[in-house]
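Structure first, then comments.
The values are calculated or read from the model by the stated rules, or taken from the named source; none is laboratory data. Because the structure is predicted, anything quoted here is derived from the model rather than measured. No Cβ is skipped: glycine too gets one built from the backbone with ideal geometry, and neighbour counts run over all protein chains shown.
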Amino acid sequence: MDGNIRENDLSKIVDADRAHIWHHLVQHKPFETGEPKIIVEGKGM
């Protein structure tokens, strides 16, 4: 993945996240008014 996500793909990812994923280590209130962070790459530990 090159980090470039089309807007319609991003919308599908966010919708699926809201519908199916429980983020147990974060506060959920900010998700009601904002978008979740999308992590596209990670390095190290």
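Checking Lys43, Lys12 one by one, the residue that is of a type in the set (Lys, Arg), modelled with pLDDT of 85 or more and either within 9 Å of the chain's Cα centre (by Cα) or surrounded by 10 or more Cβ atoms within 10 Å (Cβ to Cβ) (or both) is Lys12 and no other. Scan the range 17-31 and report the pairs whose first residue is surrounded by 10 or more Cβ atoms within 10 Å (Cβ to Cβ) and whose second residue is outside any helix (DSSP H, G or I) and not aliphatic (A, V, I, L, M), with Cβ atoms within less than 8 Å and a gap of 6+ or a chain change. From residues that are surrounded by 10 or more Cβ atoms within 10 Å (Cβ to Cβ), the pairs are Asp17/Pro36; Arg18/Pro36; His23/Pro36; Phe31/His23.
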